[in-house]
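Chemist: Shown below is the structure under consideration.
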Amino acid sequence: MEIKKIGVLGCGLMGSGIAQTAATAGFETIVCEVSDEVLGKGFAEIEKSLAKFAEKGTITAEHGKEIRGRLRGVTTFHELADCNIIIEAIIENLDVKRETFKQLDQLCKPNTIFASNTSSLSITEIMTPVSAQRKGRFVGLHFFNPVPLMKLVEVVRTILTDEEVYEEVVKFSAALGKVPARTSDKTGFIVNRLLVPYMLDAIRALEEGVGSIVDIDNAMKLGCGYPMGPFTLGDFVGLDTTYYIAEIMFNEFREKRFAPPSLLKRMVLAGLYGRKTGRGFYDYTADPKNPTPMNLQ
Ligand SMILES: NC(=O)c1ccc[n+]([C@@H]2O[C@H](COP(=O)([O-])OP(=O)(O)OC[C@H]3O[C@@H](n4cnc5c(N)ncnc54)[C@H](O)[C@@H]3O)[C@@H](O)[C@H]2O)c1
């Protein structure tokens, strides 16, 4: 089967980026949301991003028009029935995702491929309510934020994924302009498996007085050539999200390296989520471009 028509479920942060990327790559793309209002917000984000690409000269006015022409927003699942692949990017909630895929399974053509963009849930667990046949056509497609700019996509196979379907999805990922990384359905996949313990270790180093927030950030940035230090990164990702993913990984693997340190838990309880709440390891409230380190003693 050749993938031509794409369905994207959810037009939030990730879904809008995935839809924009698919339409930019030349695919007919239908994006489904819960209401016209939310859909409007998602499309406004796409417009903003396309305008930035046009400003930089990455796309021409003509190309922008073509991209918009390939994108359609809908609010019912029925419109996704004849898509070749559906990429789900709705809220990170197992029950909601399972119920959604159960309904889609009954609506969609037997050969439609289902993909979830989950960051932390098990693909095998999400796909439990679909038919045995669909389970062979179920994968994870884990994109990174901001999707139109980040080149990586993790392509996740389960023990039931059909080999041909998997290769088709790898090919499709490359056609989206991404670099596919092949991985299997183990919590965290490749990136979070390695990144989350690193970020948690940085917090433990801070707790133990190995260095200050600024010194640890500078050490990893300037000593290792990372684009940002672990605390700047944590504030960017969201400390609530980091905590949530660490909890899921710790429950799965029962290894200390995935256990959220008590400082992280206290910060989340105190509402210090990072950039999104104005304060995290740094305080962004006075000048978001020049944040100052927090006193977390
Ligand atoms: N934010 C990230 O950096 C990131 C990175 C990789 C993967 N993910 C994963 O992507 C998924 C989406 O995350 P997000 O950050 O875009 O969240 P978000 O909250 O920005 O967007 C989720 C959207 O899904 C919509 N939605 C909820 N239920 C729906 C339904 N039944 N049908 C259609 N739309 C529905 C919501 O209205 C919302 O607009 C999650 O599974 C998350 O784990 C997030």
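The values are calculated or read from the model by the stated rules, or taken from the named source; none is laboratory data. Computed from a prediction, not measured in an experiment: that's the story for all the values here. So basically every Cβ, Gly included, is an ideal-geometry build from the backbone, and we count neighbours across all protein chains shown.
Chemist: Among the residues of segment 1-31, what is the count of those that are out of contact with any Cys (no Cβ under 8 Å at 6 or more places or on another chain), over 17 Å from F144 (Cα atoms) and within 16 Å of the ligand (Cβ to nearest atom)?
Modeler: 1
Chemist: Here are the criteria: (1) closer than 22 Å to P180 by Cα; (2) crowded, with 22+ Cβ neighbours inside 10 Å. Tell me which single one S120 does not satisfy.
Modeler: With (1) closer than 22 Å to P180 by Cα; (2) crowded, with 22+ Cβ neighbours inside 10 Å applied to S120, the lone miss is (2).
Chemist: Could we say that E125 is without any contact (Cβ under 8 Å) to a residue 24 or more places away in the chain and not aliphatic (A, V, I, L, M) here? Don't jump to the end; show me each part of the working.
Modeler: On the way: without any contact (Cβ under 8 Å) to a residue 24 or more places away in the chain: no; not aliphatic (A, V, I, L, M): yes.
Taking the combined requirement at face value, the residue does not satisfy it.
Chemist: Would you say G40 is within 9 Å of the ligand (Cβ to nearest atom) and either more than 22 Å from E168 (Cβ to Cβ) or part of a helix (DSSP H, G or I) (or both)? Steps first, please.
Modeler: Values: within 9 Å of the ligand (Cβ to nearest atom): no; either more than 22 Å from E168 (Cβ to Cβ) or part of a helix (DSSP H, G or I) (or both): yes.
So G40 does not fit the description; no.
Chemist: Further question: Do you know which residues across segment 128-142 are within 15 Å of the ligand (Cβ to nearest atom) and more than 18 Å from the chain's Cα centre (by Cα)?
Modeler: P129
Chemist: Is there any pair linking a residue in segment 249-267 that is on the phi > 0 side of the Ramachandran plot and part of a helix (DSSP H, G or I) to one that is at pLDDT below 95 and among the polar types (S, T, N, Q), with Cβ under 6 Å and at least six apart or on different chains, and which?
Modeler: none
Chemist: Also, I was wondering about something else. Could you grab the pairs with beta carbons closer than 7 Å, sequence gap of 6+ or different chains, first residue in segment 138-160 and hydroxyl-bearing (S, T, Y), second one within 12 Å of the ligand (Cβ to nearest atom) and not in a loop (DSSP other than H, G, I, E, B)?
Modeler: T158/I123
Chemist: Can you run down the residue pairs with Cβ atoms below 7 Å, 6 or more apart or on separate chains, where the first is in segment 77-93 and more than 22 Å from Y244 (Cβ to Cβ) and the partner is more than 11 Å from the ligand (Cβ to nearest atom) and among the basic types (K, R)?
Modeler: Within 7 Å, the pairs are A81/K109; D82/K5; D82/K109; C83/K5; N84/K4; N84/K5.
Chemist: Restricting to segment 14-37, count the residues that are out of contact with any Lys or Arg (no Cβ under 6 Å at 6 or more places or on another chain), outside any helix (DSSP H, G or I) and not hydroxyl-bearing (S, T, Y).
Modeler: Residues meeting the conditions: 7.
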